[in-house]
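Okay, handing you the structure first.
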Amino acid sequence: MYQLQIMWDKIADYILKHRVLNLLIVSAILVFLGLKAFNVKMGHNLANTLPDTDTTMVVYRQFLEKYGQDGRSIFVGMYDDDLFTLEHFQDFYDLNEQVRAIPGVVECLSVTRVFNLKKNDSIKKFELVQVVPQRPQTQAEVDAIKQDIMSLAIYDGLLFNADKHSTMMLVSIEDEYVNTKARTELVTSLKGLLDEYGKAHGIEMRISGMPYIREITTQKMVKEIVGFTFLSIFVAGFILYLFFRSWRPLVSVVAIVLISVSYMFGIMVLLGFDVTILTGVLPPLLIIIGVENSIFMLNKYHREYDACHDKMQALKNVILRIGPANFLTNTTTAVSFASFIITRNVLLVPFGILASICIMITYVLTMVLLPTFFSYQKNPEGKMVNYMNNPRINYIMEKVSVFVLGKKRVVYAVLGVLLTLCVIGATRMSTSGRVVDDIAKNDKLYKDIMFFEENVGGVMPFEISIDTRKPKGVMNAGFVRKVQQLQDSLALYPEFSRPLSIAEVVKFARQGFFNGKPEQYKVPTNNEFGFIMKYMPENKGGELPKIITQYIDNEMQSTRISVQMANVTTPEIDQISKSLRPKIDKIFPKEKYDVVMTGSAMVTLQGTNYLIVNLSHSLFLAFMVIAMLMAITFRKFKMVVISLIPNLIPLLFTAGVMGFCGIPLKMSTILVFSIALGISVDNTIHYLARYRLQMRYNQGDIRKSVMAAIQETGPSMIYSASVLICGFLIFAFSSFGGTKIVGFLVPFTLLIALITNILVLPALVLTFNRKKI
């Protein structure tokens, strides 16, 4: 202990004696990292929630290698009763051609661009012809086109919904545009064309599909990062000014947190991390944490100066007495975020690494720069220090003293009742998550998703891959009938769209073979199959056309059934996959076939379950590390238990509220527990550090030391909690559901933590301590 005091004494002397040098060092690093920060990049990839070694991920990767990207289509939809009038149809034809001309668009299918198989008996081959070979000029042409399109059953539920009178456009984009920066320009161009068309015809255009959803959420994320960063500065600055009534500390603190944020972006570039929905939360988070650090130092500085009226000595005392406590509080917060590293998730690992590093850097900057800035400012006096005699705060502290000293049993009784209710609520929590889980229900993006669920079944890729274990195993009528049998089973699930597969292609070919008669759209018999396949056109080199090859591999050994799934919860996906498995095994026995369910929907299901388990482990790890830090600091098991109880109670309260309010357990809500644990323990550390110091001043008088510590740290707890609560509340205005939940639950947890640290912690110290610590 004595050696630690010497170390902190040397640190304090260094900070105050080398102020100019420290400013030069901080400025030089700021210039270096600030220049690096200009190279920061947005993350455009859909983050994998599973590690690459996970079985589900391995299967999904193999599927992508075999068939290509599963989510590279953008869906456009609309209701237009006048579509098949000449003027509307011509404009829609022009729109389709304009979309096809956008760089990165491979194909754009709609009722103005559909293909049919025509039998050419002279060469005994099918010809793939366009139903609309050119822009129609008369209403009679449009009427004939409508009749032809409506007879092609393969497009019903894909490009139009005959029952609901809706029309869709299917835009396929190149793989390199799916998850790269190039996607931005493509989506912007597409949306511009669609908005112009919709405005001209008074039609609301609906847009969805995974590439579009990812791009729009990325754009929203950029706006929120900028907006929340400035809003957090404003909120924190306003509260600081409200408390301290002076611009000097406000400007000093804001300068420090802005430097911290600049450092963060520079470090992000150096580590090769992109801005994601999680790392985008860090700027306002660092601002909040930096302001919290500053409040404890400001309060202590003013009290020390009031006691000795020597500015430099007061600053040295701040470093000596707040420095160790702030170091421990920031370490515990950093540990909570660093625990995310064990999840091996590509979103959480960079977030955990970057957050833990930047939190400690923010601590160092606050410890070095705040005393430096204050040393060049006027002495604290007048209205700047009037808050120390704030009648409202004094009233709260008096009431706290009454409950801690005379009504501990009442505190424990009320707490016991509330905890019982919270345990009941916690048992009602459920695990859930969706493929698209962060979009608010009142957002147009979400409403567009609902449009496609109603009209085509959904936009979330769900794939079934079937391996026959032998070359050309898929090219026989018996196998196609099995595929059709499985599709009949899929049709029983309202969550699925109409499937696309080799069976649909073969039925389409049969309809073409029998001169396009709609009633002939069905699986051919064994004899018919041979004739029909001979009519299939071949590309140069004798290869089958893409209409078939997109559903089979090169050896014609494996095939896929592609459906679009509604944006259902992960428990629902799990239930569907479990009920499908026996049906699949009955149609395709395991002894002869290898059948796997994959696609983005299945990856999300397994990823959610994986994350919940690993985030639970990371929370437990953070708890254990924090307990070890407490043990090292206070050196008594009893004090470790006392210090952890006030910080576990808020977590249980939050779990109870989640259970009663029906908030499911998913990635964003588990993050709440880790974030709140790391931050709420700060007040406990500050209180117990002051309590231990007061015990020395008061010769081991526990009662007197408990009250002296709460009187000294209580105001800082209230001020810092106010900044933290208001700072996190800004996230409640997010358009992302997960971020919004953080904005509600973290402030609630921190409010409960403030109450338990002010009331329950001193009461526990009085109840269980009888000797000096």
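The values are calculated or read from the model by the stated rules, or taken from the named source; none is laboratory data. None of these values were measured; they are calculated from a predicted model. Don't worry about glycine lacking a Cβ; one is built from the backbone with ideal geometry, like all the others, and counts go over all protein chains shown. Please note that ligands, DNA and RNA were not included when accessible areas were found on the heavy atoms of the full protein model with its side chains. Shrake-Rupley method; radii C 1.70, N 1.55, O 1.52, S 1.80 Å.
How large, in percent, is the carbon and sulfur part of the accessible surface of segment 245-372 at a probe radius of 1.4 Å?
Roughly 67 percent of what the probe reaches on segment 245-372 is carbon or sulfur.
Sticking with this one: If you take the beta carbon distance between Val641 and Arg245 as r and set R0 to 35 Å, what does 1/(1 + (r/R0)^6) give as a FRET efficiency, to the nearest 0.05?
Details: r = 40 Å, r/R0 = 1.15.
Calculated transfer efficiency: 0.30.
Regarding segment 241-373, what's the average projected area of the Cα-atom convex hull, expressed in nm²?
Computing the convex hull of the Cα atoms and averaging its projections yields 8.2 nm².
Of Leu486, Leu751, which has the most accessible area and how do the rest follow, probe 1.4 Å?
On the way: Leu486 0, Leu751 75 Å².
Largest to smallest exposure gives the sequence Leu751, Leu486.
On to the next question. Just tell me the longest site-free run in the chain, where the sites are chymotrypsin sites (Phe, Trp or Tyr not before Pro) in a DSSP loop having at most 11 other beta-carbon atoms within 10 Å. List each step's numbers first, then the result.
Details: sites that count: Phe38, Tyr376.
Longest gap between qualifying sites, sites excluded: 377-773.
Could you calculate, for segment 323-422, the ratio of the Cα radius of gyration to the Kirkwood radius, expressed as Rg to Rh?
1.16
Hey, another quick one. For segment 676-773, what relative contact order do you get, as a whole percent, if you take Cα pairs closer than 8 Å and at least 6 residues apart?
Details: 89 pairs, mean separation 34.1, N = 98.
For segment 676-773, the relative contact order is 35 percent.
Which percent of the accessible area of segment 682-772 is formed by carbon and sulfur heavy atoms (probe 1.4 angstrom)?
Carbon with sulfur: 66 percent of the solvent-accessible area.
Same structure again: Tell me, what ³J(HN,Hα) does each residue in segment 499-509 have, in order and in whole Hz, if you take phi through Karplus 6.51 cos²θ - 1.76 cosθ + 1.60 with θ = phi - 60° and put x for Gly and Pro?
These are the phi-based 3J(HN,Hα) values: x, 10, 6, 4, 5, 5, 5, 5, 5, 4, 5 Hz.
Additional query: Under the definition of Cα pairs under 8 Å and six or more residues apart, what whole-number percent is the relative contact order of the chain?
Relative contact order, the chain: 19 percent.
Looking at segment 694-773, which trypsin sites (Lys or Arg not before Pro) are in a loop (DSSP not H, G, I, E or B) and have at most 13 other Cβ atoms within 10 Å?
Here the trypsin sites (Lys or Arg not before Pro) that fit, given the DSSP loop and packing criteria, are Arg770, Lys771, Lys772.
Sticking with this structure for a sec: Angle, helix 600-634 long axis vs. longest principal axis of the chain, Cα atoms, 0 to 90°, nearest 10?
The answer is roughly 10 degrees.
Please list the equivalent ellipsoid semi-axes of the chain, computed as the square roots of five times the alpha-carbon gyration tensor eigenvalues, in descending order and whole angstrom. Mind dumping the intermediate values first?
Details: eigenvalues 809, 149, 97 Å².
Calculated on Cα positions only, the semi-axes equal 64, 27, 22 Å.
Positive end of the dipole of the chain, charges at C-beta (+1 Lys, Arg; -1 Asp, Glu), about the Cα centre: which of Val483, Trp247, Cys108 has its Cα farthest in that direction?
Sorting the options by dipole projection puts first Trp247.
Any idea what the alpha-carbon Rg over 2.2 N^0.38 Å comes to for segment 620-773?
The reported ratio for this selection is 1.10.
Per residue and in cubic angstrom, what volume does the convex hull of the Cα atoms of segment 184-251 have?
For segment 184-251, the hull spanned by Cα atoms encloses 135 Å³ per residue.
Same structure again: What's log10 of I(q)/I(0) for segment 33-168 at q = 0.10, 0.21 Å⁻¹, Debye sum over Cα points only, no solvent?
Values returned for q = 0.10, 0.21 Å⁻¹ are -0.55, -1.27.
What list of ³J(HN,Hα) couplings, whole Hz, do you get for segment 14-19 from phi and the Karplus terms 6.51, -1.76, 1.60, once you set θ to phi - 60° and write x for glycine and proline?
Each residue of segment 14-19 in turn: 5, 4, 7, 8, 10, 5 Hz.
In sequence order, what are the phi-derived ³J(HN,Hα) couplings for segment 78-85 according to the Karplus relation 6.51 cos²θ - 1.76 cosθ + 1.60 with θ = phi - 60°, rounded to whole Hz, with x for glycine and proline?
Running phi through 6.51 cos²θ - 1.76 cosθ + 1.60 with θ = phi - 60° gives 6, 10, 8, 5, 9, 4, 8, 8 Hz.
Using the Kirkwood radius over Cα pairs, work out the Stokes-Einstein diffusion coefficient for segment 151-310 at 4 °C and 1.567 mPa s, in µm²/s as a whole number.
The diffusion coefficient I find is 64 µm²/s.
By how many nm would the segment from Leu271 to Asp306 lengthen if fully extended, with 0.36 nm per residue of separation less the alpha-carbon distance?
8.1 nm
While we're here: Quick check: the angle from helix 477-490's long axis to the longest principal axis of the chain, C-alpha only, nearest 10 degrees?
40 degrees
Hey, what's the chain come to in accessible area per residue, 1.4 Å probe, Å²? Before the final figure, lay out each step's value.
Working: 32730 Å² over 773 residues.
Dividing the accessible area of the chain by its residue count gives 42 Å².
How long is segment 428-527 along each principal axis, judged by its Cα atoms, biggest number first, in Å?
Largest to smallest, the principal-axis extents are 56, 34, 22 Å.
Given a 1.4 Å probe and every protein chain left where it sits, what share in percent of the accessible area of segment 49-122 is carbon and sulfur? Mind showing how you got there, number by number?
Numbers: 1410 of 3170 Å².
Of all accessible area on segment 49-122, carbon and sulfur atoms account for 45 percent.
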